[in-house]
Structure formats: structure tokens, C-alpha cells
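Trainee: If you scroll down you'll find the structure; I have some questions about it.
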Amino acid sequence: MIAYHEEMGRALKVLGGDGLHPSSKGARVKFKGGKLAAVTDGPFAETKELIAGFTLVEANSLEDVLEWAKRWPAIGFEANVELEVRRVYEHDELGFSEELQAQAAKVFRE
């Protein structure tokens, strides 16, 4: 897996990524009507699919990322895996004003 990520990093800009602990070591925080409704400790039995890890990359196109996803080294316990590829919203796509974009840049990028 390390070799895969190293090779991918030579072609795409890898911004981050890691494996995630199982849901048994986590919790869910739920809001309803804008107010805290519940905090539920894991595991989450009703969940059929869980995110086990992530890799965040910067690429020129979705096609570039899909080419790397198709090369996933599915071996051992990772042989039966489904990868989901999604974009991350840019602040300007969310309608943030320039002022809010500058504030967000300070919080998230410094």
C-alpha cells in the first residue's frame, strides 16, 4: 500500500490520507432542527458500509483519479473493497464571500 501511495504521489499531489479505526471506537453526533439531539457510541450495527480510510489528492481531472483508483492493490483483507471517488468543495463553490474565504484559508490551511 505504501508503494502504491508513493507511486501515486509522483503523478498526483497527495494532500493527506489515513486509515480509520473501526466504528466501535467512534461515536456519532446527531443534530435535529439545529440542536444537539444525540451522541451515540459505536459500533453502528445498522450501518452496512463504513469508510475504512481515505486518500485526499489534487488532480487535473476525475479521469486522472479514476485511473489511480483502478490500480488499487487489492490484496489480502483488502481484496473485497469498494472505492468511492468524490470531489471536495472549494469555498467559492459554497458561495463564500471573499472575506469568508480568507477566514477559512486561515483556519484550514495554516
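The values are calculated or read from the model by the stated rules, or taken from the named source; none is laboratory data. Since the structure is predicted, the reported quantities are computational estimates derived from the model, not experimental observations. When we count neighbours, we look across all protein chains shown, and the Cβ atoms used for this are built from the backbone with ideal geometry, even at glycine.
Trainee: Please go through region 80-90 and pick out each residue that is over 30 Å from Ala104 (Cβ atoms) and surrounded by 10 or more Cβ atoms within 10 Å (Cβ to Cβ).
Mentor: The one that is over 30 Å from Ala104 (Cβ atoms) and surrounded by 10 or more Cβ atoms within 10 Å (Cβ to Cβ): Val81.
Trainee: For the subset of region 47-79 comprising residues that are loosely packed, with under 10 Cβ neighbours inside 10 Å and either touching a Ser or Thr at 6+ places or on another chain (Cβ under 9 Å) or over 24 Å from Glu6 (Cβ atoms) (or both), which member is modelled with the highest pLDDT?
Mentor: Looking at residues that are loosely packed, with under 10 Cβ neighbours inside 10 Å and either touching a Ser or Thr at 6+ places or on another chain (Cβ under 9 Å) or over 24 Å from Glu6 (Cβ atoms) (or both), I get Glu49.
Trainee: Moving on to the next point. Take Gly9 and decide whether it is more than 20 Å from Val88 (Cβ to Cβ) and surrounded by 10 or more Cβ atoms within 10 Å (Cβ to Cβ).
Mentor: When the stated conditions are applied, Gly9 does not pass them.
Trainee: Same structure, new question: Can you name every residue in region 15-45 that is within 16 Å of the chain's Cα centre (by Cα) and among the charged types (D, E, K, R)?
Mentor: Asp18
Trainee: Considering region 60-107 alone, what residues qualify as being of a type in the set (A, V, I, L, M, F, W, C) and in contact with a His (Cβ under 9 Å, 6 or more places away or on another chain)?
Mentor: If the condition is that a residue be of a type in the set (A, V, I, L, M, F, W, C) and in contact with a His (Cβ under 9 Å, 6 or more places away or on another chain), then Leu100, Ala104, Ala105 are the ones that fit.
Trainee: So, in region 22-42, how many residues would count as being closer than 28 Å to Ile2 by Cβ and surrounded by 11 or more Cβ atoms within 10 Å (Cβ to Cβ)?
Mentor: Number satisfying all stated conditions: 4.
Trainee: Determine the pairs where a residue that is closer than 22 Å to Val57 by Cβ, located within region 87-110, has a partner that is not in a helix (DSSP H, G or I) with Cβ atoms under 8 Å apart, the partner being 6 or more residues away or on another chain.
Mentor: Hits for this filter: Val88/Leu56; Ala104/Phe96.
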